[in-house]
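J.: One structure, as structure tokens, below. Some questions next.
The values are calculated or read from the model by the stated rules, or taken from the named source; none is laboratory data. If you're wondering where the values come from, they're calculated on a predicted model, not measured in any experiment. Here the Cβ positions follow ideal geometry from the backbone for every residue, glycine too, while neighbour counts run over all protein chains shown.
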Amino acid sequence: MLTSAEAPSTGRRRSAGRPDPTAAPSRAALLPDEDLAARLAAGRHEGDPLADALVATFAELPGGHGWRLLDQALDAAPGPLPADAPPALRALIEQAGSAPPWLDLDLVDAGATSFWRVGAPALFVSLLYGSLAFGYQYADLSRPLVATGRLERMASRRIGETARWSLDVTRPGGMHPGGAGWKSSIRVRIVHALVRARLTRSDGWDHEQWGVPISASGMMATAIGGFHIVPERALRDMGARCNDADREARTALWRWVAFVMGVPEDLLPQNAREAERLMATLEGFFPGPSEDGPRLMRALTHYGLPLEGAMPAPLVGPARALSAPVVASFIRRFLGDEMSDQLGLRRSPLRRLFPLTRPVVRAHAVLLALGVLGDERTSAAAQIRAIERLLDLAGDPKAPVSPGAVAG
């Protein structure tokens with residue numbers, strides 16, 4: 001069990017005169033935890049044994065056959081697996097479909113529903129410009145992207161894949177075994193293992209200095225830090241209200257997502273308080289950005305909006321030129337000035353546009369409270385459909401990820 005320590009203040013220095021979105025309401029700031037830091041250090045040298053074993057099994061099969069077996073197993077879930085499922089596939093599906101003592105699927109669903117309470121525009125900003133940018137701060141998290149050439153060459157595709165996966169896992173009911181988010185998370189888990197296997201064989205990967213590609217600690221940081229805590233902070237900065245029950249429900253959601261994706265249980269937070277302390281620890285643990293950080297950030301700011309298909313082709317270029325500085329200014333607000341300077345994000349008066357997000361968030365909350373948008377589940381479903389239509393217009397892949405994602 002993780003233990004917490006309290007102190008009057010902690011975290012990065014922020015500019016005076018504006019609210020600190022990193023401060024959890026009604027909670028003392030949390031100090032980094034030395035025991036957890038030691039566990040993170042060990043986790044840098046751990047992969048995902050079940051997924052790695054499955055990828056090794058797939059490598060012995062004819063091309064594409066392993067992925068077809070995986071699809072068949074996921075289609076059968078949560079029922080019995082096909083008779084010809086390899087033992088390694090059975091082991092992974094059984095682990096991901098097991099119910100740990102702490103799992104409460106009703107609470108997980110509550111977390112997914114509350115996630116959409118703030119409205120799709122705010123979620124889009126917090127996930128895309130908060131979650132994806134989060135990983136570029138740390139070489140451990142961004143180096144596999146650079147090594148596979150994923151972001152510069154296929155920036156829009158990767159962003160679309162991430163958006164599809166995010167929709168699946170935050171869809172109420174999506175993380176039930178056999179649900180869309182559960183299946184998507186397992187597919188992403190296998191792609192991570194494919195990348196890990198490829199980079200492990202590469203002469204260019206420094207195992208002693210960098211640890212295991214897409215390590216256990218890195219996967220935890222991405223799921224809990226990047227997709228849970230960072231969006232929570234961004235949403236608070238946009239004026240979203242979140243009570244203790246919502247925070248616990250969302251932590252339950254992301255704890256389960258991370259478990260299904262192969263993060264060891266002893267790296268997972270048991271509650272919202274532990275999630276915040278875990279974030280405080282990992283922020284001071286991982287090495288800073290790599291030399292490729294500015295290049296990755298430029299790809300995100302220029303290709304972070306799904307514009308293709310959403311407007312006439314001649315307008316896409318000018319729209320990107322206009323949107324990139326706004327995107328960069330939002331990311332700069334989330335990351336802070338020091339880190340943004342390291343990642344090549346220019347200072348801009350456009351950051352003053354950020355407070356304009358708050359009336360949008362508050363208006364959505366009022367409409368939801370008045371019943372104009374239906375109940376919370378109805379509203380969540382409608383917003384998910386709207387984003388899916390936008391992704392369809394942009395030509396983004398309908399599947400969250402595929403084996404081709406790791407093609408060199």
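J.: Name the one entry in 305, 282 that is touching a residue at least 24 places away in the same chain (Cβ under 8 Å) and surrounded by 18 or more Cβ atoms within 10 Å (Cβ to Cβ).
T.: 282
J.: I would also like to ask the following. Of all residues being within 14 Å of residue 116 (Cα to Cα) and not charged (D, E, K, R) in region 239-264, which is surrounded by the fewest Cβ atoms within 10 Å (Cβ to Cβ)? Just the residue, please.
T.: 242
J.: Assuming residue 346 fulfils every condition listed in (1) outside any helix (DSSP H, G or I); (2) free of Cβ contacts under 8 Å to residues at least 60 places away in the same chain; (3) crowded, with 20+ Cβ neighbours inside 10 Å apart from one, which condition is it?
T.: Of (1) outside any helix (DSSP H, G or I); (2) free of Cβ contacts under 8 Å to residues at least 60 places away in the same chain; (3) crowded, with 20+ Cβ neighbours inside 10 Å, only one is false for residue 346: (3).
J.: Just one of (1) at pLDDT below 95; (2) surrounded by 20 or more Cβ atoms within 10 Å (Cβ to Cβ) trips up residue 311, so point out which.
T.: (2)
J.: Then there is this: Residue by residue through region 77-93, note down the ones that are modelled with pLDDT of 95 or more, closer than 22 Å to residue 181 by Cβ and either small (Gly, Ala, Ser) or loosely packed, with under 12 Cβ neighbours inside 10 Å (or both).
T.: 91
J.: Separate question: List the helices (runs of 4 or more DSSP H) inside region 175-290, counting only whole elements, that have at least 2 residues being charged (D, E, K, R) and closer than 27 Å to residue 120 by Cβ.
T.: Correct list: 180-201, 230-237, 244-260.
J.: Since residue 38 meets every condition but one in (1) assigned by TED's automatic domain parsing to the domain that holds residue 179; (2) within 22 Å of the chain's Cα centre (by Cα); (3) surrounded by fewer than 22 Cβ atoms within 10 Å (Cβ to Cβ), which condition does it not meet?
T.: Here residue 38 meets the rest and fails (2).
J.: If I filter region 360-373 down to residues being assigned to a loop (DSSP other than H, G, I, E, B) and out of contact with any helix residue (DSSP H, G or I) (no Cβ under 7 Å at 6 or more places or on another chain), which single residue comes out as surrounded by the fewest Cβ atoms within 10 Å (Cβ to Cβ)?
T.: My answer is 370.
J.: Search region 41-69 for residues that are in contact (Cβ under 8 Å) with a residue 12 or more places away in the chain and among the charged types (D, E, K, R) and pair each with any residue that is assigned to a loop (DSSP other than H, G, I, E, B) and surrounded by 13 or more Cβ atoms within 10 Å (Cβ to Cβ) when their beta-carbon atoms are under 7 Å apart and the residues are at least 6 apart or on different chains.
T.: 44/211; 44/212; 44/215; 46/212; 46/215; 48/262
J.: Under 6 Å by Cβ, and 6 or more places apart or on different chains, what pairs join a residue from region 119-131 that is among the aromatic types (Phe, Trp, Tyr) with one that is part of a helix (DSSP H, G or I)?
T.: Once the first residue is among the aromatic types (Phe, Trp, Tyr) and sits in region 119-131, its partners that are part of a helix (DSSP H, G or I) give 129/330; 129/331.
Matching residues to (1) in the same structural domain as residue 210 (by TED's automatic domain parsing); (2) at positive phi; (3) part of a helix (DSSP H, G or I); (4) not hydrophobic (A, V, I, L, M, F, W, C):
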| residue | (1), (2), (3), (4) |
| --- | --- |
| 56 | no, no, yes, no |
| 67 | no, no, yes, no |
| 113 | yes, no, yes, yes |
| 117 | yes, no, yes, yes |
| 134 | yes, no, yes, no |
